[in-house]
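Since the structure comes first, as structure tokens, the remarks are kept for the end.
The values are calculated or read from the model by the stated rules, or taken from the named source; none is laboratory data. From a predicted model like this one, the values you see are computed outputs, not experimental measurements. Glycine gets a Cβ as well: all are built from the backbone with ideal geometry, and neighbour counts include every protein chain shown. Quick note on the areas: whole protein, heavy atoms, side chains included, nothing else; ligands and nucleic acids left out. Shrake-Rupley method; radii C 1.70, N 1.55, O 1.52, S 1.80 Å.
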Amino acid sequence: MAPERFASPQERLVGLLLPIATFFLSWWQVGRLPGLNITVCDILMLICAGALLTSRGLNAAMFGRVSAAWVSGVMLLIGGMLIGSLVHGDFLRWPVVGGQYAFALLLVPMMLTSCPRDLLERCAITYVLGVAASQVIGLILVGTLEPAMIAEYVNKDVVTGNGRLGAMTGEPNSNGAVCTFALIFLLHATMTGRLKGVAAGALALILLAGLVASASFTGAAAAMLATGLILAFSRLRTALAVALPVVLIVVAYTSAGGPVPEVFEKRVGEAIMTGDPTRAGTFMGRTVLIKEAWQMADDNLLIGLGSDGYRRSSVYGMPVHQLYLLVLNEGGVLSFMGLCLIFAAMLVKAVLVMMKNRLDGICCVAALAVFFIYTMSLPHMFGRMWNGPPLLLFALADATLLVRVRRASADHMYPVRR
């Protein structure tokens, strides 16, 4: 069980470093160490995990009732890829992939669920601020400098050659994802009263601007689905109070002829207006890879190709942008079952939370829906940029329920005399 507050020196260190880590959670490309898949956020999280381990320990039941299913899913996921790597005689890549998944899906949730609610609330706010800062920096650079100058003096991944905004994540689709996750946290903070008025509205507009500038169809679709779910299951008065001001500003902007990036209209606008996903970016190219993965899966059901084996076996020399098919080919049916078990555990957990707290539960469902959408369009997703936000939201929901249980227990033991 998470503590109500931190007291030891190690715990106070966590209280200082963890919000900084979540601020940099979305700054993947810029915050990554040269030549490594490790970021500043990862290093800070490792320090926090070590500090908690040496003070009060880590929470092994990070998903409550479904923790056993979650851990079993992770073990099956990385175990299937281990078997494939050993059989095909290429073990060197597995420690990297397996270690990344173990860090992201075991150590990070154990650490987050060991923290008190007030710290997790600060982490949620700093994540929104980090994503917003990333968009502001990216938009200012794009608006003031030529792409060649940005690539030379800042980072070549801030903006792509066709003008799509990658910001500090270093990739437009990734940028669309972090903007969407940040919108979920922003809605949650607004509806719980932790953010109000002008600050919440300004952050929403910044995130929407970054989402549009990234010109990601996947990001736009995920954002519409996530915000639609949260607003649809909220009280009508709350939903109108949160959504109406932003909608009015957006309508006024478009009615006044405000500029919309041409790349957004081409890659996203046409697909949304026509309902034809084939008009969305690289949809057709990804379809080719998916067809190849289906054909290859017949030979890899029992024993997969091993970690990163798909890239070597594909005639296109690149992994399929669909996590389930990639896992099925690289880890066989064991890894595929593990991935399905992970998502089933998250869904059951979200439903259990919803039964106790509707807002927290639907926000968890929305975050899970966004994560699921991206698994259908990207390869391996062990990067904390992808799974960190949903895990933080689940941990916050659990901590909120725990506070309510403690208060109810205290009221029962020490009733207030009237």
Response to the item:
Within segment 302-332, the residues that are in contact (Cβ under 8 Å) with a residue 60 or more places away in the chain and part of a loop (DSSP other than H, G, I, E, B) are Ile303, Gly304, Leu305, Gly306, Ser307, Asp308, Pro319
Worksheet, complete the sentence: Among (1) among the small types (Gly, Ala, Ser); (2) in contact (Cβ under 8 Å) with a residue 60 or more places away in the chain; (3) closer than 29 Å to Val40 by Cβ, Ser335 falls short only on (3)
Item to complete: Could you pull out the residue among Asp42, Asp90 that is acidic (Asp, Glu) and within 23 Å of the chain's Cα centre (by Cα)?
Response: Asp42
Response to the item:
Val131 vs (1) farther than 30 Å from Arg406 by Cα; (2) surrounded by fewer than 24 Cβ atoms within 10 Å (Cβ to Cβ): all pass except (2)
Worksheet item: Out of Arg358, Arg384, Arg407, which single residue is of a type outside the set (Asp, Glu), modelled with pLDDT under 95 and closer than 26 Å to Ala68 by Cβ?
Response: Arg384
Practice prompt. State all residues of segment 284-323 that are surrounded by fewer than 18 Cβ atoms within 10 Å (Cβ to Cβ) and aromatic (Phe, Trp, Tyr); if no residue qualifies, say none.
Written response: Trp294, Tyr316
Worksheet entry | Every residue from segment 12-45 that is crowded, with 17+ Cβ neighbours inside 10 Å and farther than 19 Å from Leu396 by Cβ | Leu13, Trp27, Trp28, Gln29, Val30, Gly31, Arg32, Thr39, Val40, Asp42
Fill in: Among (1) in contact (Cβ under 8 Å) with a residue 60 or more places away in the chain; (2) under 21 Å from Met75 (Cα atoms); (3) surrounded by 23 or more Cβ atoms within 10 Å (Cβ to Cβ), the one test that Val370 misses
(2)
Fill in: Residues of segment 1-37 classified as part of a loop (DSSP other than H, G, I, E, B), under 18 Å from the mean Cα position of the chain (by Cα) and modelled with pLDDT of 85 or more, total
4
Discussion item. Among the residues of segment 341-366, what is the count of those that are hydrophobic (A, V, I, L, M, F, W, C) and open to solvent by 10 Å² or more (accessible area, probe 1.4 Å)?
Written reply: 11
Item to complete: Please verify whether segment 89-100 includes one or more residues that are out of contact with any helix residue (DSSP H, G or I) (no Cβ under 6 Å at 6 or more places or on another chain), outside any helix (DSSP H, G or I) and either buried (at least 17 other Cβ atoms within 10 Å of the Cβ) or in contact (Cβ under 8 Å) with a residue 24 or more places away in the chain (or both).
Response: yes
Worksheet entry | Yes/no for Val242 being loosely packed, with under 13 Cβ neighbours inside 10 Å, at pLDDT below 85 and assigned to a helix (DSSP H, G or I) | no
Item to complete: Would you point out the residue of segment 34-60, among those that are among the small types (Gly, Ala, Ser) and in contact (Cβ under 8 Å) with a residue 12 or more places away in the chain, that is farthest from Asn387 (Cα to Cα)?
Response: Ser55
Worksheet item: Do we find that Leu334 is farther than 24 Å from Thr169 by Cβ, in contact with a helix residue (DSSP H, G or I) (Cβ under 7 Å, 6 or more places away or on another chain) and modelled with pLDDT of 85 or more in this structure?
Response: yes
Response to the item:
From the option list Val154, Val142, single residue qualifying as at pLDDT 85 or above and farther than 30 Å from Cys364 by Cα is Val142
Practice prompt. Check whether at least one residue in segment 155-168 is hydroxyl-bearing (Ser, Thr, Tyr), in a loop (DSSP other than H, G, I, E, B) and under 24 Å from Asp42 (Cα atoms), and report yes or no.
Written response: no
